[in-house]
1. From the list Gly8, Gly66, Gly15, Gly35, pick out the single residue that is closer than 19 Å to Thr105 by Cα and in contact (Cβ under 8 Å) with a residue 40 or more places away in the chain.
2. Please go through region 34-55 and pick out each residue that is among the aliphatic types (A, V, I, L, M) and within 13 Å of Thr71 (Cβ to Cβ).
Amino acid sequence: QVTLTESGGAVVRAGMGARLSCRTRPRTFLRNAVGWYRQAPGKEREFVAGITRYSEDTKYSTSVRGRFTITRDNARDTADLEMNNLRPEDTAVYFCNVGAYADLTNPKTFTSWGQGTQVTVSS
């Protein structure tokens, strides 16, 4: 079972930014790509962003492309999600997970999740 810890959740106003961080065990982190996901109330969990093991490629959902940036620091075993120009529709609990890069866009791939971190954007 993978241990995942998300942090950085915030309450912000529309147009502001926030930075989330994801951490897991070093061996797990280094062997895998990392994805960020979110789940809004009453909605299914959805893919937000993904990054390969050595940061050579990233991908984003259409709704966040150009506003969010995913990065990772393999020396610190962390993956961050920089969120800019936040909108009320970005309000959700944000989660991260690790796995094969090709599988990241399907949240149903994963059976184990962390607690997530809440991001609330007011208008």
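1. Details: Gly8 fails: closer than 19 Å to Thr105 by Cα; Gly66 fails: in contact (Cβ under 8 Å) with a residue 40 or more places away in the chain; Gly15 fails: closer than 19 Å to Thr105 by Cα.
None of the others qualify; the one that does is Gly35.
2. Taking region 34-55 as the starting set, the residues that turn out to be among the aliphatic types (A, V, I, L, M) are 34, 40, 48-49, 51.
Once the filter is applied, which keeps residues that are among the aliphatic types (A, V, I, L, M) and within 13 Å of Thr71 (Cβ to Cβ), region 34-55 yields Val34, Ala49, Ile51.
FYI, it's all coordinate maths here, none of it is from the lab. Given the structure is predicted, the values throughout are model-derived calculations rather than measurements. Note that we place each Cβ from the backbone using ideal geometry, even for glycine, and neighbour counts take in every protein chain shown.
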